Amino acid sequence: MSPRAAAVNEAMRSRSRARIMQATVDLVDERGFDRTTLGDIAERAGLARGLVSYYFPGKRYLLQSSTHRLMHQTLGAALAPLEGVDDADLWLATSIDTVLGLAAARPTLMRTHLSLILAPSAEGFIQDEEQQRFGGLLRRVLALRGAEDPVAEHAVLRSALMGACMGLLLPGAETEPQLIRDDLFARYDLDASLRPGPFRTP
């Protein structure tokens with residue numbers, strides 16, 4: 001196989017995977033996890049049903065990976081305008097607001113994602129390539145703020161963000177968004193005036 005043919009095939013695989021993951025987050029956000037089948041996802045993506053199973057080992061893995069992709073892409077788009085801006089606090093404030101904004105904008109999807117992470121299963125927390133990309137963005141932000149150990153501090157920030165999202169999304173006991181934001185900003189000594197709040201996404 002020529003290098004060009006291999007590159008074309010890889011690009012096609014990448015596009016198919018992207019279509020499957022986009023269809024997954026959209027359908028789960030619309031219908032919920034239990035009411036979304038792999039067949040539904042294939043139909044929405046415009047692909048053969050077998051391709052979904054070929055690329056992803058199961059619906060649970062697919063949903064987690066797809067949500068990680070959405071989180072990575074959303075945060076990346078929010079941080080892109082800050083390239084060249086020498087204000088590490090603004091980078092972190094933007095990261096916090098973007099993750100919380102995503103939870104507020106897609107509550108069904110994010111509730112499902114969190115429930116799958118917390119539910120006992122053989123898979124546990126899936127640390128796929130998309131999750132690593134998302135984590136890499138947060139570690140970069142923490143490094144910009146002078147973190148001595150960005151990996152360890154990322155684990156703490158990730159836990160804080162997950163807890164904040166749960167506070168926003170807990171059915172029947174949702175916490176006021178501004179209180180959630182204020183708490184996270186206080187933990188990291190961020191000025192609330194850095195961003196207009198409570199949350200904004202790209």
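What area, in nm² and to one decimal, does the C-alpha convex hull of segment 1-56 cast on average over all directions? Mind showing how you got there, number by number?
Details: hull surface 15.4 nm².
Dividing the Cα hull surface by four gives the mean projection, 3.8 nm².
Give the distance, in whole Å, between the Cα centre of segment 132-202 and the Cα centre of segment 62-92.
The two parts, judged by their Cα centres, are 12 Å apart.
Dipole magnitude of segment 1-56 about its Cα centre, charges +1 at Lys/Arg Cβ and -1 at Asp/Glu Cβ only, in debye to the nearest 20? Before the final figure, lay out each step's value.
On the way: 9 positive and 7 negative charges, 60 e Å.
Roughly 280 debye for segment 1-56.
Taking the structure as given and computing P(r) over Cα pairs in 10 Å bins from 0, in percent, which label from (1) 8, 32, 33, 19, 6, 1; (2) 8, 32, 37, 20, 3, 0; (3) 9, 39, 37, 12, 3, 0 fits?
From the options (1) 8, 32, 33, 19, 6, 1; (2) 8, 32, 37, 20, 3, 0; (3) 9, 39, 37, 12, 3, 0, the structure gives (1).
For the chain, what are the DSSP H helices with axial Cα length of 15 Å or more and mean Kyte-Doolittle hydropathy of at least -1.0? Walk me through the numbers on the way to the answer.
Working: long enough: 3-31 (42 Å, -0.57); 59-79 (30 Å, -0.31); 88-105 (25 Å, 1.24); 107-118 (16 Å, 0.84); 129-144 (22 Å, -0.27); 150-169 (27 Å, 1.14); 177-187 (16 Å, -0.40).
Answer set is 3-31, 59-79, 88-105, 107-118, 129-144, 150-169, 177-187.
In terms of the Cα gyration tensor, with a ≥ b ≥ c the square roots of its eigenvalues, is segment 73-148 rounded because a/c is under 1.5, prolate because a/b exceeds b/c, or oblate?
Working: a/c = 2.58, a/b = 1.70, b/c = 1.52.
Judged from the Cα gyration tensor, segment 73-148 comes out prolate (a/c at least 1.5, a/b above b/c).
Rule-based calculations on the coordinates, nothing more; no lab input. Keep in mind that this is a model prediction, so the values were computed, not measured. Please note: Cβ atoms are built from the backbone with ideal geometry, for glycine as well, and neighbour counts cover all protein chains shown.
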